[in-house]
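Input: a single structure, listed below in structure tokens.
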Amino acid sequence: MDIFTNDLQRQLLIVKGLERLTRNDLANEIGVSLPTMTRLINNKTPFAIQSNVYKRLTNWLSDHRVVATQDK
């Protein structure tokens, strides 16, 4: 198990928005189920996710890296 952090969720949502992907498109691209993608997008972070999902997600994010910072 790995920890899905607020930073990872923010990166995922930024790329989702910039590339105008639906949850379904995003789930297909990353290789996870739609319920898993919904959980990654909607649930409060941090929480534990399976290592294989974490690896798929981080690999996909590294291919779609967007440099964006925002002060809270």
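The values are calculated or read from the model by the stated rules, or taken from the named source; none is laboratory data. This one's a predicted model, so the numbers in the text were calculated from it and none came from an experiment. Don't worry about glycine lacking a Cβ; one is built from the backbone with ideal geometry, like all the others, and counts go over all protein chains shown. For accessibility, only protein heavy atoms count, side chains too; no ligands or nucleic acids. Shrake-Rupley method; radii C 1.70, N 1.55, O 1.52, S 1.80 Å.
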Filtered residue count, segment 1-23, keeping only those that are open to solvent by 60 Å² or more (accessible area, probe 1.4 Å) and touching an Asp or Glu at 6+ places or on another chain (Cβ under 9 Å):
1
Residue that is most open to solvent (accessible area, probe 1.4 Å) [pool: residues in segment 24-64 that are charged (D, E, K, R) and under 17 Å from Phe4 (Cα atoms)]:
Lys44
